[in-house]
Amino acid sequence: MSDIHAYQSLPGLRQHDSRPAAEGPLTMRGLLRRPWFIRLVAVGVLVFIWQWVTWVNTRVPGIDEIVRFMVTEMTGGSHGGALTGEFWEPLSLSLQRYAIGLAVGIPAGALLGLVIGASRWARGLFNDTVLVLLALPAVVWAFLASLWFGLSSAGPILAVILTAVPFVAVNLAAGVRNIDPGLVEMSRSYGVPAGRRLRHLLLGGTLPSAFTGLRLAFMTGWNSLLIVEWFGATSGVGWRARFWYDALRYPGFVAWIFLFVILITVFDRLLLSPLERRAFQWNQQPTLTFEEEL
Amino acid sequence: MATVLIENLTKIYPPTLNHARQVQALGGLNMSITGNVFVAIVGPSGSGKTTLLNIVAGVERPTSGSVRALQEGVPAQIGYVFQEPRLLPWRTVVDNMLYVQDRKSDRSRREAEFYLQMVGLSEVADLYPSQLSAGMQQRVGIARAFLVNPDVLLLDEPFSHLDALTGRSLRDYLQRIWLQTRKTALFVTHDVTEAVELADRIIMLRPGGVAYDDIAITLPRPRRPADPAVRDVQDEVLRRFDAMGAAVRFGTAQAAR
């Protein structure tokens, strides 16, 4: 045993135990520290405010009205007159367009981001274009897509692609530029081949910004898809929301907007967040205690 | 047998936003290191110590002159221990070691575990760097350098970021492994005590990256800083350092030798 270890093992030296204490009975104070409880309270407050607004303003539909409307849409029931429910067709069409748009936009944005991040020349060439794409609001794409492609699926798909590309590219380029130069030097000094550097250093180093870019691409892509469908399509979730808006059936309009929010939240919670937790497990491990270190 | 030949090596950094004038890190350095020796390069800040190692490792290019690190006539395998551990935070300890290893097999993993055991870290192979203390991370850096079976081992102030006790413990580990492997080692430090404890030869650099003195140390190993013989050599090296400092201050470096 080296001297330092002998010193650290001296009897009478007591180490601080950094392990979390065992969970005791649940008190109000304890509850207020739980993230799930705080989230639950936030949702409760929102629901209460909504309900209060429906009491003071009769043009705002109540939660029960919205739920009833959505059930009729989902079951294909009658909304009165010749109007019947439609749910799965617009939803599946929008999801298809969304998936195709992301399947093209994310790899294209990733490639562009890697090139911009790695090459000063490419940065000069593409940086301004990417910033312009980033600054253009989705509604502009809606009008342009309607002009170029008419009221087809091409417009919404293009809008998703053009929204996803700059978000992924900008974040990934920043990720590449932020890779620790010390790790690059280390790799070069050991002659680590380019393929392994790409897999282990570049991929690992850009993962945090890649996740930020992905999350933004997912959110804003869905957003722009709905806007383009609202203005420049005859099918899909955005079109259906507009249909009920034009028909002055506000519960229908709000129900579809709600669906939009719920889908994106579920997507984030069920897919992105678990993936992110898994990818960053290296950053969530407890540090060894003094005794374990010995 | 490994050889490091440094001929007329000059490195000049161009002006930057922080430095309005160009900076000469190395000024026509000549050096020849042959055999399984432990060489300490000692000098004050700005004497080009780290630049020298970076050029030997191929991380930086010289402005002029040449460096050849050879093993039996072919380019030598380099192992580099940096000032900071430089581990990939998102890879486990053993994966960090295998990252620099060409072969990927059960045997490579066993070798990695062997070197981890040599630095007293056999239990942490599957942990992430963030779970280790700074000293443990640096030990992984040392084990990683030995894993590639280097012909030339470069060590750039590997203990400078650690507290005194941890640094001393790591010097013990390094000395023990080096005695078993006997690699040609270039060890950069500004700490004369470290240099005398570990090296067979001390090369002193003065600011501007010019060799000032070359001292052979023939003391038996392992050495302890408290040994009177080690202290005597330290005193002698420090005396020469003082002379170099005075010479540099008064612009009479050559005359002072």
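Things to note:
- Across the range A:59-103, the qualifying residues are those that are β-branched (Val, Ile, Thr) and outside any helix (DSSP H, G or I), and the one among them that is farthest from A:Ala145 (Cα to Cα) is A:Val60.
- Residues that are hydroxyl-bearing (Ser, Thr, Tyr) and under 22 Å from B:Val152 (Cα atoms) within the range B:14-63 comprise B:Ser32, B:Thr34, B:Ser47, B:Thr50, B:Thr51, listed in sequence order.
- Taken over the range A:28-47, the criterion of being closer than 27 Å to A:Ile63 by Cα and small (Gly, Ala, Ser) is satisfied by A:Ala42, A:Gly44.
- A Cβ distance below 6 Å, combined with a sequence gap of six or more or placement on separate chains, defines the contacts here; from the range A:161-188, residues that are within 14 Å of chain B (Cβ to nearest Cβ) and at negative phi reach residues that are among the β-branched types (Val, Ile, Thr) and in a helix (DSSP H, G or I) in the pairs A:Gly175/A:Thr206.
- The single condition from (1) surrounded by 18 or more Cβ atoms within 10 Å (Cβ to Cβ); (2) away from every other protein chain (no Cβ under 14 Å); (3) in contact with an Asp or Glu (Cβ under 9 Å, 6 or more places away or on another chain) that A:Val228 fails is (3).
- Residues satisfying the stated conditions in the range B:48-83, i.e. buried (at least 18 other Cβ atoms within 10 Å of the Cβ) and basic (Lys, Arg): B:Lys49
- Single condition B:Gly73 does not satisfy, out of (1) modelled with pLDDT of 95 or more; (2) away from every other protein chain (no Cβ under 11 Å): (1)
- Failed criterion for B:Arg144 (all others in (1) buried (at least 20 other Cβ atoms within 10 Å of the Cβ); (2) more than 18 Å from the chain's Cα centre (by Cα); (3) not aliphatic (A, V, I, L, M) hold): (2)
- Whichever residue in the range B:82-114 is β-branched (Val, Ile, Thr) and more than 14 Å from A:Gly191 (Cα to Cα) and, among such residues, is nearest to the other protein chains (Cβ to nearest Cβ): B:Thr92
- Among the residues of the range A:197-206, the ones that are surrounded by 16 or more Cβ atoms within 10 Å (Cβ to Cβ) and more than 7 Å from chain B (Cβ to nearest Cβ) come to 4 in all.
- Single condition B:Glu84 does not satisfy, out of (1) part of a loop (DSSP other than H, G, I, E, B); (2) more than 16 Å from the chain's Cα centre (by Cα); (3) of a type in the set (Asp, Glu): (2)
- Members of the range A:219-278 that are on the phi > 0 side of the Ramachandran plot and touching a Leu at 6+ places or on another chain (Cβ under 9 Å): A:Gly236
- Number of residues in the range A:89-126 that are of a type outside the set (Ser, Thr, Tyr) and loosely packed, with under 14 Cβ neighbours inside 10 Å equals 7.
- Which numbered condition B:Gln180 fails, given (1) surrounded by fewer than 24 Cβ atoms within 10 Å (Cβ to Cβ); (2) within 12 Å of chain A (Cβ to nearest Cβ): (2)
- Pairing residues of the range B:135-146 that are within 11 Å of chain A (Cβ to nearest Cβ) with residues that are crowded, with 24+ Cβ neighbours inside 10 Å and among the polar types (S, T, N, Q), at Cβ distances under 8 Å and at least 6 apart in sequence or on separate chains, gives B:Arg144/B:Asn96.
- Residue match in the range A:70-90 (condition: closer than 23 Å to A:Leu162 by Cβ and touching a helix residue (DSSP H, G or I) at 6+ places or on another chain (Cβ under 7 Å)): yes
- Residue in the range A:38-56 that is modelled with pLDDT under 90, over 27 Å from A:Val254 (Cβ atoms) and out of contact with any Gly (no Cβ under 8 Å at 6 or more places or on another chain) present: no
- Qualifying positions in the range B:120-132 - loosely packed, with under 15 Cβ neighbours inside 10 Å and either more than 21 Å from B:Arg171 (Cα to Cα) or modelled with pLDDT of 90 or more (or both): B:Asp126
The values are calculated or read from the model by the stated rules, or taken from the named source; none is laboratory data. Just so it is clear, the model here is predicted, and its values are computed rather than measured. Reconstructed Cβ throughout: ideal geometry from the backbone, glycine too, with neighbour counts over all protein chains shown.
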